[in-house]
Amino acid sequence: MAVNLLLGLQWGDEGKGKIVDVLTSNYDIIARFQGGPNAGHTLIFDGQKHVLHTIPSGIFHDKAMNVVGNGVVIDPVIFKKELDNLSKHNIDFASKLVISRKAHIILPTHRLLDAASEASKGKAKIGSTLKGIGPTYMDKTGRNGIRIGDTELEDFKERYQALVQKHIKMIDYYGIQLDYNLEELEEEFFAALDFLKQIPFVDSEEYLSAAMKAGKTVLAEGAQGSLLDVDFGTYPFVTSSNTTAAGACTGLGVAPNKIGEVFGIFKAYTTRVGSGPFPTELFDEDGETMSRVGHEFGATTGRPRRCGWLDLIALKYAVEINGVTQLMMMKGDVLSGFDTLKVCTSYNYKGTEVKHLPYNIEEHNVTPNYTEFKGWKEDLTSMTSVDTLPKELMDYIKFIEDFVEVPVKIVSVGPDRKQTIMR
């Protein structure tokens, strides 16, 4: 059996959680393959809103197993809070969730390091969520990290203390005044870590291999977005993991030839949280309207998202590096009411028109060129079939499909799982 893959094609916040929730009924296993609690996947159904940070978005379905893969970094404190919230909904998480022994653990001092590093950058800060993600991945690649499986070893506390002492020296190096009580942070950390032991720890690559041999269907769930990939994103304003399709292979132990469909999620416009280049960003009434109507605030941080027109150059780049086979367009309903819509179809890059994503898209190098479309006035949120969608929206979708050469198979017209139109 092949593993199907779902990931974001912009700077995150595309609506991946909703689509995973919608698709879960087609799969036996939902497997998260990278990122940490800097992700916020929002699911809305039965009149309730749920925000997940680390737990896969299939957890609310009775029959699906959920795997936290080796490519994920786990903060036990945040993970415990997620589990506590699930308990309120009578979800037996211990029977529906497993964690890879190879997943790395975010220590309290990782978060402190994150804060010290970001504060030391001043105006050059990258917009970290301060969850300790970057320092944890740094320890992973530096071969210093502590993994879930290490908690089962007799010398776990010694390993922990050795890394903490190294972190304290690094925090001192930054010369930033941080007020913290490590003893209190550790008390909460170790209590949460003990709580996590209710969840089975597994060798996830073997777990998934055996499941596929047994005919189980698997959907790999990504976090953040392709333009935040540490290699292929708008570096250095990126996350610390590979958010692209290749990250599913390394983040789950799945071979490339086992990947089947690649579902790419994008908004009908573009948003970005934090610092970094954003060629189509709007600073006018149109941008304010997108933000207000789209409720554009980060699910994890609450930070307002920057808004702009759809950037087809960036979208096509993401489609190509991921090998996307099907597109899902989110938040088409937010664009209802605009007289004119614009999409970026090329850049002026250092005085030359280009139709690819160049090495540097800072505003002093790049200005967008737009194609304009007639907007639509209809409220899409109660529409349930393709034949009810306005012609102007269908023209908009057709142009996108022709430009990126991949079909749009799902159109989302609202946040609820029922507000999803299949094509």
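The values are calculated or read from the model by the stated rules, or taken from the named source; none is laboratory data. Model, not experiment: these values are computed from the prediction. Positions of Cβ are backbone-derived with ideal geometry, glycine not excepted, and every protein chain shown enters the neighbour counts. The protein model used for the area step is the full one, side chains on, heavy atoms only, and it has no ligands, DNA or RNA in it. Shrake-Rupley method; radii C 1.70, N 1.55, O 1.52, S 1.80 Å.
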Q: Check ARG306 against each of (1) crowded, with 17+ Cβ neighbours inside 10 Å; (2) of a type in the set (Lys, Arg); (3) touching a residue at least 40 places away in the same chain (Cβ under 8 Å) and name the one condition it does not meet.
A: (3)
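Do you know which of the residues in region 129-160 that are part of a loop (DSSP other than H, G, I, E, B) and of a type in the set (Gly, Ala, Ser) is surrounded by the most Cβ atoms within 10 Å (Cβ to Cβ)?
Initial filter on region 129-160 (part of a loop (DSSP other than H, G, I, E, B)): 129-132, 142-146, 153-155.
Among the residues that remain, those that are also of a type in the set (Gly, Ala, Ser) are: 132, 142, 145.
Values: GLY132: 26, GLY142: 10, GLY145: 22.
Going through the qualifying residues, I end up with GLY132.
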Q: Check LEU83, LEU5, LEU43 and return the single one that is modelled with pLDDT under 85, in contact with a helix residue (DSSP H, G or I) (Cβ under 6 Å, 6 or more places away or on another chain) and not in a loop (DSSP other than H, G, I, E, B).
A: LEU43
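Taking TYR174, is it touching a residue at least 40 places away in the same chain (Cβ under 8 Å) and closer than 18 Å to ARG101 by Cβ?
Details: touching a residue at least 40 places away in the same chain (Cβ under 8 Å): yes; closer than 18 Å to ARG101 by Cβ: no.
No, not satisfied.
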Q: Run GLY274 past the list (1) in contact with a Gly (Cβ under 8 Å, 6 or more places away or on another chain); (2) without any contact (Cβ under 8 Å) to a residue 12 or more places away in the chain and report the number of the one that doesn't hold.
A: (2)
Q | Residues (surrounded by fewer than 17 Cβ atoms within 10 Å (Cβ to Cβ), among the β-branched types (Val, Ile, Thr) and closer than 23 Å to ASP402 by Cβ) located in region 326-367 | A | THR340, VAL354
(Q) If I ask for residues that are of a type in the set (A, V, I, L, M, F, W, C) and either assigned to a loop (DSSP other than H, G, I, E, B) or surrounded by 19 or more Cβ atoms within 10 Å (Cβ to Cβ) (or both), which ones from region 212-233 would you list? (A) ALA214, VAL218, LEU219, ALA220, ALA223, LEU227, LEU228, VAL230, PHE232
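Those residues that are of a type in the set (A, V, I, L, M), within 21 Å of the chain's Cα centre (by Cα) and in a loop (DSSP other than H, G, I, E, B), I need them from region 374-422; list them, please. Don't jump to the end; show me each part of the working.
In the first step, residues of region 374-422 are kept if they are of a type in the set (A, V, I, L, M); the result is 380, 383, 386, 389, 393-394, 397, 400, 404, 406, 408, 410-411, 413, 421-422.
This time we only want the ones that are within 21 Å of the chain's Cα centre (by Cα), so: 408, 410-411, 413.
Within region 374-422, just VAL413 meets the criteria.
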Q: Report, ordered by the first and then the second residue, all pairs with beta carbons closer than 8 Å, sequence separation of six or more or different chains, a first member in region 360-374 that is among the aromatic types (Phe, Trp, Tyr), and a second member that is open to solvent by less than 40 Å² (accessible area, probe 1.4 Å) and not in a loop (DSSP other than H, G, I, E, B).
A: TYR370/VAL343; TYR370/CYS344; TYR370/THR345; PHE373/LEU341; PHE373/VAL343; PHE373/TYR396
(Q) I need every pair where a residue in region 10-28 that is farther than 22 Å from GLY294 by Cβ and open to solvent by 10 Å² or more (accessible area, probe 1.4 Å) has its Cβ under 6 Å from the Cβ of a residue that is outside any helix (DSSP H, G or I) and among the hydroxyl-bearing types (Ser, Thr, Tyr), sequence separation at least 6 or different chains. (A) TYR27/THR217; ASP28/THR217
Q.
open to solvent by less than 50 Å² (accessible area, probe 1.4 Å), among the hydroxyl-bearing types (Ser, Thr, Tyr) and modelled with pLDDT under 95: which single residue out of THR239, THR243 fits that description?
A. THR239
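Name every residue in region 161-182 that is at pLDDT below 95 and outside any loop (DSSP other than H, G, I, E, B), in order of residue number. First the steps, then the outcome.
Let us first name the residues in region 161-182 that are at pLDDT below 95, namely 168-182.
Listed by number, the residues that qualify are ILE168, LYS169, MET170, ILE171, ASP172, TYR173, TYR174, LEU182.
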Q. Mind checking which residues of region 234-271 are in contact (Cβ under 8 Å) with a residue 60 or more places away in the chain, outside any strand (DSSP E or B) and either small (Gly, Ala, Ser) or touching a Pro at 6+ places or on another chain (Cβ under 9 Å) (or both)?
A. THR234, PHE237, SER240, SER241, ALA245, GLY247, ALA248, GLY251, GLY253, ALA268
Q. Hey, GLY69 hits all of (1) surrounded by 21 or more Cβ atoms within 10 Å (Cβ to Cβ); (2) at pLDDT below 85; (3) of a type in the set (Gly, Ala, Ser) but one; which does it fall short on?
A. (2)
Q: Please specify each residue of region 79-102 satisfying the condition of being free of Cβ contacts under 8 Å to residues at least 60 places away in the same chain and of a type outside the set (Val, Ile, Thr).
A: LYS81, GLU82, ASP84, ASN85, LEU86, SER87, LYS88, HIS89, ASN90, ASP92, SER95, LYS96
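For (1) hydrophobic (A, V, I, L, M, F, W, C); (2) at pLDDT below 95; (3) touching a Ser or Thr at 6+ places or on another chain (Cβ under 6 Å), each residue gets a yes or a no:
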{"residue": "GLN224", "(1), (2), (3)": "no, yes, yes"}
{"residue": "ASP231", "(1), (2), (3)": "no, no, no"}
{"residue": "THR250", "(1), (2), (3)": "no, no, no"}
{"residue": "GLY253", "(1), (2), (3)": "no, no, no"}
{"residue": "ASN257", "(1), (2), (3)": "no, no, no"}
{"residue": "MET290", "(1), (2), (3)": "yes, no, no"}
{"residue": "PHE297", "(1), (2), (3)": "yes, yes, no"}
Q.
Given (1) within 23 Å of the chain's Cα centre (by Cα); (2) surrounded by fewer than 18 Cβ atoms within 10 Å (Cβ to Cβ); (3) within 19 Å of PRO76 (Cα to Cα); (4) not basic (Lys, Arg), identify the lone condition not met by SER204.
A. (2)
Q. Failed condition for LEU52, given (1) modelled with pLDDT of 90 or more; (2) open to solvent by less than 40 Å² (accessible area, probe 1.4 Å); (3) within 19 Å of ILE199 (Cβ to Cβ); (4) of a type in the set (A, V, I, L, M, F, W, C), with all others met?
A. (1)
